[in-house]
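Written out below as structure tokens is the structure these notes cover.
The values are calculated or read from the model by the stated rules, or taken from the named source; none is laboratory data. Computed from a prediction, not measured in an experiment: that's the story for all the values here. Reconstructed Cβ throughout: ideal geometry from the backbone, glycine too, with neighbour counts over all protein chains shown.
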Ligand SMILES: Nc1ncnc2c1ncn2[C@@H]1O[C@H](COP(=O)(O)OP(=O)(O)OP(=O)(O)O)[C@@H](O)[C@H]1O
Ligand SMILES: [Mg+2]
């Protein structure tokens, strides 16, 4: 227990540029992680459907899953950032559905990280109780293992690292040495898992650009009616060195009998 408590304790200080971090061991598959059973009806009300193999609406996420996993595997990538040009395109819904779709594959496991300091939504969309998240870890107020929850539904399980609102200085945290240390720890200690990061939009601030060098691949979500071609081109300028595995076009209303995205 002591080794768990010591794991990933970050030094206490408010300045994200100068805070030293002490990283010990995080525990993949640790029995000490909190476990929560997700509620299928609640998930459905949040447009989270990909946990259910017989729900036809999940099929689009399964197709996306297959395409994304092939790219990630072929290139040996582990970190996938989900972002968009502007707000409200469906990134968080896509991140949750993609994670749950991947978790249905017996040989796959996922850690879903909410990396949106302005509008963290992953815990809300999955119905997880709020008690700490990434910002607490960065500030040295919580260990990584104490804020990660194992969320199960049916036979599937995902690990979730929830987000917390950062009222100011979010891009400084994104670019901080502490963030770098936490991400390196995640990479090392959860190396068997695909790590999906639910990010803010790219063009509404510099949070994404600040942490982009740490990401290995990007999934870009475009919202019909909200994302213009010029927006996508602007994003591409920032994505010259980070490969885009897929562009998901979300909120396509002409897909019959479905309010879910098409790509
Ligand atoms: N395909 C869709 N059809 C209709 N509504 C959708 C679709 N995808 C997401 N939504 C809804 O749009 C809203 C925004 O979705 P979501 O939070 O996933 O977007 P986001 O891109 O993460 O937003 P933000 O930029 O604030 O992070 C939510 O109310 C969600 O339920
Ligand atoms: Mg979001």
Notebook entry, point to check: Scanning the range 123-157 for residues that are within 16 Å of ligand 1 (Cβ to nearest atom) and assigned to a loop (DSSP other than H, G, I, E, B), which turns out surrounded by the most Cβ atoms within 10 Å (Cβ to Cβ)?
Noted result: 133
Item checked: Search result, residues across the range 14-63 that are within 18 Å of residue 148 (Cα to Cα), at pLDDT below 95 and touching a helix residue (DSSP H, G or I) at 6+ places or on another chain (Cβ under 7 Å) -> 23, 24, 25, 26, 27, 28, 30, 32, 33
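Which ones in the range 158-169 are touching a residue at least 40 places away in the same chain (Cβ under 8 Å) and either surrounded by fewer than 15 Cβ atoms within 10 Å (Cβ to Cβ) or farther than 19 Å from residue 103 by Cβ (or both)? Lay out the reasoning, then the answer.
Residues of the range 158-169 touching a residue at least 40 places away in the same chain (Cβ under 8 Å): 158-166, 169.
Of everything in the range 158-169, those that are touching a residue at least 40 places away in the same chain (Cβ under 8 Å) and either surrounded by fewer than 15 Cβ atoms within 10 Å (Cβ to Cβ) or farther than 19 Å from residue 103 by Cβ (or both) turn out to be 163, 164, 165, 166, 169.
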Check: So which residues in the range 76-94 are touching a residue at least 60 places away in the same chain (Cβ under 8 Å) and closer than 15 Å to residue 193 by Cα?
Finding: 77, 78, 79, 80, 81
Next item on the list: Determine if the range 173-183 includes at least one residue that is free of Cβ contacts under 8 Å to residues at least 40 places away in the same chain, within 16 Å of ligand 1 (Cβ to nearest atom) and closer than 13 Å to residue 116 by Cα.
Entry: no
Notebook entry, point to check: Mind checking which residues of the range 84-100 are in contact with a strand residue (DSSP E or B) (Cβ under 9 Å, 6 or more places away or on another chain) and in a helix (DSSP H, G or I)?
Noted result: 91, 92, 93, 94, 95, 96, 98, 99, 100
Margin query: Step by step: first the residues of the range 102-122, then only those that are assigned to a helix (DSSP H, G or I) and more than 17 Å from residue 245 (Cα to Cα), then the one that is nearest to the chain's Cα centre (by Cα). Which residue is that?
Written below: 122
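Taking the options 208, 195, name whichever one is at pLDDT 95 or above, within 16 Å of ligand 1 (Cβ to nearest atom) and either closer than 16 Å to residue 111 by Cα or in contact with a strand residue (DSSP E or B) (Cβ under 6 Å, 6 or more places away or on another chain) (or both). Full working, then the answer.
Values: 195 fails: within 16 Å of ligand 1 (Cβ to nearest atom).
So the residue among 208, 195 that is at pLDDT 95 or above, within 16 Å of ligand 1 (Cβ to nearest atom) and either closer than 16 Å to residue 111 by Cα or in contact with a strand residue (DSSP E or B) (Cβ under 6 Å, 6 or more places away or on another chain) (or both) is 208.
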Note to self: Every residue in the range 64-97 that is under 17 Å from residue 48 (Cβ atoms) and more than 13 Å from ligand 2 (Cβ to nearest atom), please.
What the structure shows: 64, 65
